[in-house]
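Asks: Input: one structure, supplied below.
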Amino acid sequence: MGFRKLGLVKTITVDIRSLRRCGVQTFDFLFVLDFESTCWAAFDVNKGLPEIIEFSVVLYDISDDKIIEEFQQYVMPVENPKLSEFCKDFTGITQQQVENAVPLGTCLMVFGKWVNEQKKKYNLNFLHISKEPAKKQVVFATWSNWDLNTCLNSECKRKRLNKSEIFNAWIDLKFLYKEHYHRKPVGLKGALTEVGLNFNGREHSGLHDARNTAALAGKMIIDGVLLQITKDISCNH
């Protein structure tokens, strides 16, 4: 008679999704960030340097696989205050929205206050700044290096704005995606499609892109991707 018939074997159902989330990831939460900026058509001779016009971040809980907080702020461009028709069509952001918005410096202060509220509420710590093992570890995550390196870093330097050290290290999910799946996706929407997910909302809306990037991060974790910092520019400051 087998052990199962004797009642000596207990069947345990294991949730693979939960199992893969527990105890293997360095980070507990992600600040998933996406910017929209001023932009121009390829043939436009009046192109300028990109200025952030939408600053959106979602706080993603890795263990629960869900977004728990959101931040969105429209930003007023000052170098090129009038949006191109291409930019308005591409991002869905109107001229009135940016004219009623705040300058980048103010946005950074408002966002810093919001981040501090989340740190206190969820007991968060940026690992690249200080090592506090009793706290939950958080880091920024983006789709490519463009947002935090090319865009924010360059704009803050041009405008002589103080930029918090929290922005100096991040996870480039696009890089990890290519490393893990061994393929180059066609944009965020293409990456989602390739792993069996749908893009929800409007493409090139910063908040919608951030939400979808968080969803992609969750799927990548399920598929065995270890989230790790891929870019750290702390030494450049």
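The values are calculated or read from the model by the stated rules, or taken from the named source; none is laboratory data. Quick caveat, the model's predicted, so the values are computed rather than measured. Please note: Cβ atoms are built from the backbone with ideal geometry, for glycine as well, and neighbour counts cover all protein chains shown.
Asks: Could you grab me the full set of residues in region 176-188 that are crowded, with 16+ Cβ neighbours inside 10 Å and not aliphatic (A, V, I, L, M)?
Replies: Once the filter is applied, which keeps residues that are crowded, with 16+ Cβ neighbours inside 10 Å and not aliphatic (A, V, I, L, M), region 176-188 yields Y177, P185.
Asks: Still on this model: Answer yes or no: is there a residue in region 36-43 that is at negative phi, more than 14 Å from the chain's Cα centre (by Cα) and not in a loop (DSSP other than H, G, I, E, B).
Replies: Yes, because at least one residue in region 36-43 is at negative phi, more than 14 Å from the chain's Cα centre (by Cα) and not in a loop (DSSP other than H, G, I, E, B).
Asks: For region 134-177, name all the residues that are part of a loop (DSSP other than H, G, I, E, B), under 22 Å from S63 (Cα atoms) and out of contact with any helix residue (DSSP H, G or I) (no Cβ under 6 Å at 6 or more places or on another chain).
Replies: Hits for region 134-177 are A134, K135.
Asks: Oh, and also: Sort through L148, L161 and tell me the only one that's more than 21 Å from I221 (Cα to Cα), surrounded by 19 or more Cβ atoms within 10 Å (Cβ to Cβ) and in contact (Cβ under 8 Å) with a residue 12 or more places away in the chain.
Replies: Step by step, each of L148, L161 is checked, and only L148 is more than 21 Å from I221 (Cα to Cα), surrounded by 19 or more Cβ atoms within 10 Å (Cβ to Cβ) and in contact (Cβ under 8 Å) with a residue 12 or more places away in the chain.
Asks: Just for region 77-94: of the residues that are among the hydrophobic types (A, V, I, L, M, F, W, C) and not in a loop (DSSP other than H, G, I, E, B), which one is nearest to the chain's Cα centre (by Cα)?
Replies: Result: F90.
Asks: Does H180 satisfy the condition of being over 20 Å from F126 (Cα atoms), of a type outside the set (V, I, T) and touching a residue at least 40 places away in the same chain (Cβ under 8 Å)?
Replies: yes
Asks: Filter region 99-157 down to the residues that are at negative phi, out of contact with any Phe, Trp or Tyr (no Cβ under 7 Å at 6 or more places or on another chain) and of a type in the set (G, A, S) and list them by number.
Replies: G105, G112, S130, A134, S154
Asks: Here is a check on your reading of the model: is P133 modelled with pLDDT under 95 and either in contact with a Pro (Cβ under 6 Å, 6 or more places away or on another chain) or surrounded by 18 or more Cβ atoms within 10 Å (Cβ to Cβ) (or both)?
Replies: no
Asks: Within region 32-78, track down each residue that is surrounded by 14 or more Cβ atoms within 10 Å (Cβ to Cβ) and modelled with pLDDT under 95.
Replies: Correct list: K47 only.
Asks: Sticking with this one: Only one of (1) under 20 Å from T213 (Cβ atoms); (2) surrounded by fewer than 18 Cβ atoms within 10 Å (Cβ to Cβ) is not met by N116, so which one is it?
Replies: Unmet condition: (1).
Asks: In this structure, does T142 turn out to be in contact (Cβ under 8 Å) with a residue 12 or more places away in the chain and surrounded by 14 or more Cβ atoms within 10 Å (Cβ to Cβ)?
Replies: Yes, satisfied.
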